[in-house]
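In what follows, a structure is listed as structure tokens, so that the remarks can point back to it.
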Number of protein chains: 2
Amino acid sequence: MNTPLAERTTEQLEQRARALNARLDQLKGAGLSLDLTRGKPSADQLDLSNELDGILRGDFRLKDGTDARNYGGLLGIPEARAFGAAILGTSADRVIAGGNSSLTLMHFVVDTAMHVGLWGAQSAWQNAGTHIKFLCPVPGYDRHFTICESLRIEMLTVPMTETGPDMDAVESLVAADPTIKGIWCVPKYSNPTGCVYSDTTVRRIAQLPKRAGEHFLVMWDNAYAVHDLADPPPRLANITTLLDAEGTEDHVVQFTSTSKITFAGAGVGFIAASRGIVKALEQVLAAQTIGPDKVNQLRHVRFLEGRLHAHMQHHAALIRPKFGAVLERLEESLGGLGVATWTNPVGGYFISLDTLPGLAKRVVARAKSVGVTLTPAGATHPYGKDPNDSTIRIAPTFPRLADVEAATDVFVLCVELESIAHILTARGAAPKQRSAQ
Amino acid sequence: MNTPLAERTTEQLEQRARALNARLDQLKGAGLSLDLTRGKPSADQLDLSNELDGILRGDFRLKDGTDARNYGGLLGIPEARAFGAAILGTSADRVIAGGNSSLTLMHFVVDTAMHVGLWGAQSAWQNAGTHIKFLCPVPGYDRHFTICESLRIEMLTVPMTETGPDMDAVESLVAADPTIKGIWCVPKYSNPTGCVYSDTTVRRIAQLPKRAGEHFLVMWDNAYAVHDLADPPPRLANITTLLDAEGTEDHVVQFTSTSKITFAGAGVGFIAASRGIVKALEQVLAAQTIGPDKVNQLRHVRFLEGRLHAHMQHHAALIRPKFGAVLERLEESLGGLGVATWTNPVGGYFISLDTLPGLAKRVVARAKSVGVTLTPAGATHPYGKDPNDSTIRIAPTFPRLADVEAATDVFVLCVELESIAHILTARGAAPKQRSAQ
């Protein structure tokens, strides 16, 4: 077990800093080019789905006889809607199977709520005569924030806990301010902390529309619904059941996709909502497209039907060692130092680490100077502004295992070095600062 | 040659009507179920592209080494952008290759012009403080009109001629009313007349933004760019060259797709515009998606590269007899009667027929009563309102040839019968009217 940095003498810290700097200088010479930035599957994960291309073997007929190659089918093919419903725990008639991007579907839903209205002709948020706000649990997913920014929706942050958003904070905010019209949720393996919402949190989310002002919308992005690393995996409460019980089913729209099941850029995205919301979305969609790519939907159903669980276990077998490599190194190098905390997810694509306040940007810049690219500090917060400058998102899936190891070795070194510099500065010593270049 | 109906005696017309009614009664008993409504490719056309599925044979790498399966590439893969550029006669850096629906891309562009602005921060049409209008050459494409309606853009009609929109009318309207912000154009084999814009029309369109108010947008939907039935095909002037010469390149956005080249519902859509407009669209797109389906784009390039012309000739060989069957029957049964005019396209997906004023709805209803479904009368006009109630769109590609023949036999019979009824009514006779049921 490491001794906490704060308990070490200034001399000890200075000596340690010299050793770390020497190691960094060595690494600079090594010409590293490593990347832990985005939650992308690795090439060997993608290989698991290569048979998608060609799987139809000339048979393009749906079970109902429809030719998947031709126009039509605005809500997606019945088989795909049923597949999405099974993942999200709802029924096929409440699901829209779309194109390759659930992000596009999310933008579509928020855009529709803003400009057209999800709850009848007068319900468009733009008619509210005031600007609109969304709650964003932080740390969170930068692309959710981008959707809000692009639609000029103001973002208010609430803290993320190990059981989901701080629901006391959420409830009191929405009760006090009816211009708060929505909240972003990644309920399972939240991006980036990896937490799974507790049953209590899911129930309180299902009740939230009753406490909020009118036309409230929960954006339930269940991107990692089947992306488990542990066996048995944690169980997420079924929000559809809770919504129906509460009568709030018109105020939660769920999303998922096969992006991290098959091909990240060529999968199928899904919306699940109440029948009323599906109908409202269908009317808007009708002006925008004749229908989604049904051939690709059919490929996915033929490929995944009856073997999703086994397929996801193959993914887990490839991802688990990479998460392990990061977590081992964090524990070994930073454990006990008292300068960082991190999450230990059992699924999803990310690990989140918090440095001492004010160090995240420095750590990211320091790592960059030795050829290791991390997600920009601040990206986990709206407007790119982490008020504590402490959260760093680590995405270990894409690089090869050896590169994950090498990149994490650099990362922990940078965290320790910046922490020492910080402590020495606080002690009023004049540490031999080295710029991060 | 048939004798014009107007020149026949009332007795002759009544006798002819009895014969036609008897024939209709026979047909009612036959239980027909035929459909000439939508411009869909037939199953044997779709079969031409079946090898798309499986064509990648495990090789998902782009020429530049990028893995098409993973995330990224907002503007589409370079190979697909070059392919779209070749069809539209522009350069790859001015093209966005998107998803399966050019209609979605068109909605995206008009929506962006409305809510975000294509020409800088203050250029969004919604900021104009007035409602916005578009010119719609009629007859035209109903889904263009739907986009306008969904965005609450008022539609003004201008007549379509054999050389494109009536440019005198277009020019004087846009010069007089700066709230007219756009025009819809299908420059080659226009939907539904099949006309090809003349060189003069294309040039005048390229000059139009100089005559119009600020932030004018030409929506140039070149859906049938390579969908020729004649050899050699008519040549459409290259609008990109003309725009660059006029300095109006920021005001015309072009579209095309492979929907009627490969699979109607599973192809690739394209946008072409100036570099400035591409950049503006890219910024908006970045909030909506991580990228299009690059795997499907790669399939299309691998399948079509170097063989597009031959492939389209296979389509033409399947479509030509169907157009021929319709046109022969129109000429044989209606030629010389003086009660209908129709177009004789050498490409595209439609034939447009005009009845005597006030008869289109009756003809469509009459055909429906014997099991032949036609595109609803009025669909070729904004708000579904054809002021003359005379235009009927005929789409011969989807049914089998025998069904096209049978459906057209019913159709011409209905046109003749309704025309006789109309003439007899005008003469003050009391024709033995039969309801269309």
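The values are calculated or read from the model by the stated rules, or taken from the named source; none is laboratory data. Model, not experiment: these values are computed from the prediction. For neighbour counting, all protein chains shown are included, and Cβ atoms are generated from backbone atoms with ideal geometry for every residue, glycine included. Protein only, heavy atoms only, side chains kept; ligands, DNA and RNA dropped before computing areas. Shrake-Rupley method; radii C 1.70, N 1.55, O 1.52, S 1.80 Å.
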Evaluation of B:GLN283 against (1) within 14 Å of chain A (Cβ to nearest Cβ); (2) in a helix (DSSP H, G or I); (3) in contact (Cβ under 8 Å) with a residue 40 or more places away in the chain; (4) not β-branched (Val, Ile, Thr) (one fails), failing number: (3)
Hits in the stretch A:393-419 - residues which are outside any helix (DSSP H, G or I) and open to solvent by 20 Å² or more (accessible area, probe 1.4 Å): A:PHE398, A:ARG400
Subset of the stretch B:294-312 (residues that are open to solvent by less than 20 Å² (accessible area, probe 1.4 Å) and within 13 Å of chain A (Cβ to nearest Cβ)): B:LYS294, B:VAL295, B:ASN296, B:GLN297, B:LEU298, B:ARG299, B:HIS300, B:PHE303
Residues that are open to solvent by 10 Å² or more (accessible area, probe 1.4 Å) and more than 18 Å from A:ILE239 (Cα to Cα), drawn from the stretch A:172-190: A:SER172, A:LEU173, A:ALA175, A:ALA176, A:ASP177, A:PRO178, A:THR179, A:LYS181
Those residues of the stretch A:172-198 which are among the small types (Gly, Ala, Ser) and in contact (Cβ under 8 Å) with a residue 24 or more places away in the chain, in sequence order: A:ALA175, A:GLY182, A:SER190, A:GLY194, A:SER198
The stretch B:217-242, residues that are of a type in the set (A, V, I, L, M, F, W, C) and over 22 Å from the mean Cα position of the chain (by Cα): B:LEU242
Among the residues listed as B:ALA365, B:ALA325, B:ALA317, the single one being within 14 Å of B:LEU417 (Cα to Cα) and over 17 Å from the mean Cα position of the chain (by Cα): B:ALA365
Test: residue in the stretch A:327-350 that is within 14 Å of chain B (Cβ to nearest Cβ) and farther than 22 Å from A:TYR141 by Cβ: no
Subset of the stretch A:15-61 (residues that are of a type in the set (A, V, I, L, M, F, W, C), open to solvent by 40 Å² or more (accessible area, probe 1.4 Å) and outside any helix (DSSP H, G or I)): A:ALA30, A:LEU32, A:LEU48
Selection count where residues are under 24 Å from A:PHE411 (Cα atoms), more than 8 Å from chain B (Cβ to nearest Cβ) and out of contact with any strand residue (DSSP E or B) (no Cβ under 7 Å at 6 or more places or on another chain), scope the stretch A:33-72: 3
Test: residue in the stretch B:326-342 that is β-branched (Val, Ile, Thr), more than 27 Å from B:ASP44 (Cα to Cα), open to solvent by less than 10 Å² (accessible area, probe 1.4 Å) and in a helix (DSSP H, G or I): no
Of the criteria (1) open to solvent by less than 20 Å² (accessible area, probe 1.4 Å); (2) free of Cβ contacts under 8 Å to residues at least 24 places away in the same chain, which one A:THR425 fails: (1)
Subset of the stretch B:139-166 [free of Cβ contacts under 8 Å to residues at least 60 places away in the same chain, of a type in the set (Gly, Ala, Ser) and not in a strand (DSSP E or B)]: B:SER150
Meets criteria (of a type in the set (D, E, K, R), buried (at least 20 other Cβ atoms within 10 Å of the Cβ) and under 25 Å from A:ILE290 (Cβ atoms)) for B:ARG81: yes
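In this structure, does A:LEU359 turn out to be within 24 Å of the chain's Cα centre (by Cα), at pLDDT 95 or above, within 30 Å of A:GLY54 (Cβ to Cβ) and open to solvent by less than 10 Å² (accessible area, probe 1.4 Å)?
So A:LEU359 does not fit the description; no.
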Failed item in (1) without any contact (Cβ under 8 Å) to a residue 12 or more places away in the chain; (2) among the small types (Gly, Ala, Ser); (3) open to solvent by less than 10 Å² (accessible area, probe 1.4 Å); (4) within 22 Å of B:SER352 (Cα to Cα), with B:ALA169 passing the rest: (3)
Restricting the stretch B:103-138 to residues that are assigned to a loop (DSSP other than H, G, I, E, B) and open to solvent by 20 Å² or more (accessible area, probe 1.4 Å), the residue that is nearest to the other protein chains (Cβ to nearest Cβ): B:VAL116
